[in-house]
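A short worksheet on the structure shown next.
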Amino acid sequence: MAASNENDVELQSRNREMKLLDVLRKWIEEFGRTDMQRSGPMDYQEYMTKRELIGTLPQRELIALTIYGECRSRKEPREARIQVGWIAFRREINKVKWDDILDKQQFSYLNFPINENDEKNFNTVTSVRLLDPVFIECLEIANGIVDGTIPEPFERATHYHAEHVQPSWAPKMIFLGKLGTQLFYRDEMHTTIA
């Protein structure tokens, strides 16, 4: 019986990898040419098309890509990536209380690029390589969160931001702590969610 379960888990893992490869192939086919041909900033249509492709990812891969987009810097410890992953997961499974991960203002890596740094970040995320060790770690974290094997560093955190940003919502939240360059908070209105 145990061998059968291990085979099922391995098959599910392979299926997830194949779905992710399919999405990455679409990115390469659709945007590999346009990224190289573009001489100016990304236009809104290209941005929206890439966002729609991100939306085709299965839940675990979407969470992994969110972790990668928000917290891939070497300055960020694994615990910061885990906490970002938990917040993404919480928002993904509680769409009644939260907007979808892909909705506006949920995660900064998905915002329309308004400057060169934003565009560079968005292009880095949408051209992620499967063999990137940070992305592999993000996939492992996402799998552990969804499977319930990786605990949350700050219980029921709902918000975070980089230390160099001062969002207007932060003073209204309960500050939980800092991991790497990220500050984490809880909105008391959302403390009963997963």
Please count, across segment 45-160, the pairs of lysine residues with Cα atoms under 19 Å apart that sit 8 or more places apart or on different chains.
5
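Over segment 139-188, what number does the Rg to Rh ratio reach, with both radii from the alpha-carbon atoms and Rh per Kirkwood?
Expressed as Rg/Rh, it is 1.03.
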If the chain between Asn117 and Leu53 were fully extended at 0.36 nm per residue, the gain over the current Cα-Cα distance would be 20.9 nm
Once Leu179, Leu131 are ranked on solvent-accessible area with the largest value leading and a 1.4 Å probe, the list reads Leu131, Leu179
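Suppose R0 equals 22 Å; then what is the FRET efficiency for Glu155 and Thr181 from their Cβ-Cβ distance, rounded to the nearest 0.05? Walk me through the intermediate numbers first.
Values: r = 21 Å, r/R0 = 0.96.
Efficiency at R0 = 22 Å is approximately 0.55.
The values are calculated or read from the model by the stated rules, or taken from the named source; none is laboratory data. As the structure is a computational prediction, the values presented were derived from the model and not from experiment. So basically every Cβ, Gly included, is an ideal-geometry build from the backbone, and we count neighbours across all protein chains shown. The protein model used for the area step is the full one, side chains on, heavy atoms only, and it has no ligands, DNA or RNA in it. Shrake-Rupley method; radii C 1.70, N 1.55, O 1.52, S 1.80 Å.
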